[in-house]
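*Asks:* Attaching a single structure in structure tokens format; questions to follow.
The values are calculated or read from the model by the stated rules, or taken from the named source; none is laboratory data. All of these numbers come straight from a predicted model, not from anything done at the bench. Every residue, glycine as well, gets a Cβ built from its backbone with ideal geometry; the counts of neighbours run over all protein chains shown. With ligands, DNA and RNA removed, areas are computed over all heavy atoms of the protein, side chains included. Shrake-Rupley method; radii C 1.70, N 1.55, O 1.52, S 1.80 Å.
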Amino acid sequence: ACDDTSVYTSIAKSILLKTHVNSNYEPVLNWTSYQKWPEGVQEYVVEKRIAGEGFKEIGRTSSSDTSFKDKFSELNCIKAFDYRVYAIRPNDTGTRVILSYSNYSSPAVEPKIFVPNVFSPNQNRLNETFHPAGIFIKSYSMKIYSRWGEKVYDSDECMNSWDGNYMGEPAQDGVYAYKIVAWGINDELYNLAGNVTLIR
């Protein structure tokens, strides 16, 4: 208002984080380098937040590495997830640590779900239970019926599976009908129905 001016302070460039999912269904993070601390950046810390929780550290990279692949995180039975990155300024003086945070970023996901048509609960550790397999599945409910229409299994617990038993006893070999209602992390609804064969 009074036409007074001052010199510019140091111009900084904050961290811009972008995320996507690669062909192996792994979340990949890429971000711009933080600028401009005179000492540079000591390292970057990658954090992940599951819906309803706080951010938790899942990895660190060097000051020259501005990408990260989330290989080992569970990607089912969660309502939503996102990431952030922060830079740590080198500190040799023992004073407080200075950090710079990125934006929050959540990758666009495409849920995948597959339902097998046979399983064999015979204690050989192969195909012991029946359940849908997939990724980025938020939750599902599953009902299973005998050929006479009797319900032998019903659960909506996260990643539930049928062990081939009914009322505490092994169910008979044969064909069973299933109905599965699944929700993806992106809130897409899947209605699945078909038959599965139990073989011991």
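*Asks:* Looking at segment 9-20 only, could you name the residues that are open to solvent by 100 Å² or more (accessible area, probe 1.4 Å) and farther than 19 Å from Ser105 by Cβ?
*Replies:* Matches in segment 9-20: Thr9, Ser10, Ile11.
*Asks:* When segment 63-81 is examined, which residues are found to be under 13 Å from the mean Cα position of the chain (by Cα), surrounded by 16 or more Cβ atoms within 10 Å (Cβ to Cβ) and polar (S, T, N, Q)?
*Replies:* Here is the first cut: in segment 63-81, the residues under 13 Å from the mean Cα position of the chain (by Cα) are 69-81.
Applying the additional criterion that residues be surrounded by 16 or more Cβ atoms within 10 Å (Cβ to Cβ) yields 70, 75-76, 78, 81.
Once the filter is applied, which keeps residues that are under 13 Å from the mean Cα position of the chain (by Cα), surrounded by 16 or more Cβ atoms within 10 Å (Cβ to Cβ) and polar (S, T, N, Q), segment 63-81 yields only Asn76.
*Asks:* Pick from Arg89, Arg60, Arg147, Arg84: which is open to solvent by 90 Å² or more (accessible area, probe 1.4 Å), closer than 23 Å to Gly40 by Cα and not aromatic (Phe, Trp, Tyr)? Give the steps one after another, and end with the answer.
*Replies:* Working: Arg89 fails: open to solvent by 90 Å² or more (accessible area, probe 1.4 Å); Arg147 fails: closer than 23 Å to Gly40 by Cα; Arg84 fails: open to solvent by 90 Å² or more (accessible area, probe 1.4 Å).
Of Arg89, Arg60, Arg147, Arg84, the one residue that is open to solvent by 90 Å² or more (accessible area, probe 1.4 Å), closer than 23 Å to Gly40 by Cα and not aromatic (Phe, Trp, Tyr) is Arg60.
*Asks:* Cβ-Cβ below 7 Å, separation at least six or inter-chain, first residue in segment 160-174 and more than 19 Å from Pro132 (Cβ to Cβ), second among the polar types (S, T, N, Q) and surrounded by 15 or more Cβ atoms within 10 Å (Cβ to Cβ): which pairs?
*Replies:* Hits for this filter: zero, empty list.
*Asks:* I've got another one for you. How many residues are part of a loop (DSSP other than H, G, I, E, B), open to solvent by less than 40 Å² (accessible area, probe 1.4 Å), free of Cβ contacts under 8 Å to residues at least 60 places away in the same chain and touching a strand residue (DSSP E or B) at 6+ places or on another chain (Cβ under 9 Å) if we restrict to segment 30-46?
*Replies:* Residues flagged as part of a loop (DSSP other than H, G, I, E, B), open to solvent by less than 40 Å² (accessible area, probe 1.4 Å), free of Cβ contacts under 8 Å to residues at least 60 places away in the same chain and touching a strand residue (DSSP E or B) at 6+ places or on another chain (Cβ under 9 Å) within segment 30-46 amount to 1.
*Asks:* Moving on to the next point. Return the total of residues in segment 98-128 being open to solvent by 50 Å² or more (accessible area, probe 1.4 Å) and polar (S, T, N, Q).
*Replies:* Counting residues in segment 98-128 that are open to solvent by 50 Å² or more (accessible area, probe 1.4 Å) and polar (S, T, N, Q) gives 7.
*Asks:* Sticking with this structure for a sec: Can you tell me which residues in segment 1-33 are modelled with pLDDT of 95 or more and within 18 Å of Ile88 (Cβ to Cβ)?
*Replies:* Ile15, Leu16, Leu17, Leu29, Trp31, Thr32, Ser33
*Asks:* Another question, if that's okay. Consider Asp82 against the criteria (1) assigned to a loop (DSSP other than H, G, I, E, B); (2) closer than 15 Å to Asn30 by Cα: it satisfies all of them except one. Which criterion is unmet?
*Replies:* Among (1) assigned to a loop (DSSP other than H, G, I, E, B); (2) closer than 15 Å to Asn30 by Cα, the lone unmet condition for Asp82 is (1).
*Asks:* Here's something else I'd like to know. Among the listed residues Ser23, Ser6, which satisfies the condition of being among the hydroxyl-bearing types (Ser, Thr, Tyr), closer than 18 Å to Ser106 by Cα, more than 13 Å from the chain's Cα centre (by Cα) and in a loop (DSSP other than H, G, I, E, B)? Quick ask: steps written out before the conclusion?
*Replies:* On the way: Ser6 fails: closer than 18 Å to Ser106 by Cα.
Just one listed residue meets the conditions, Ser23.
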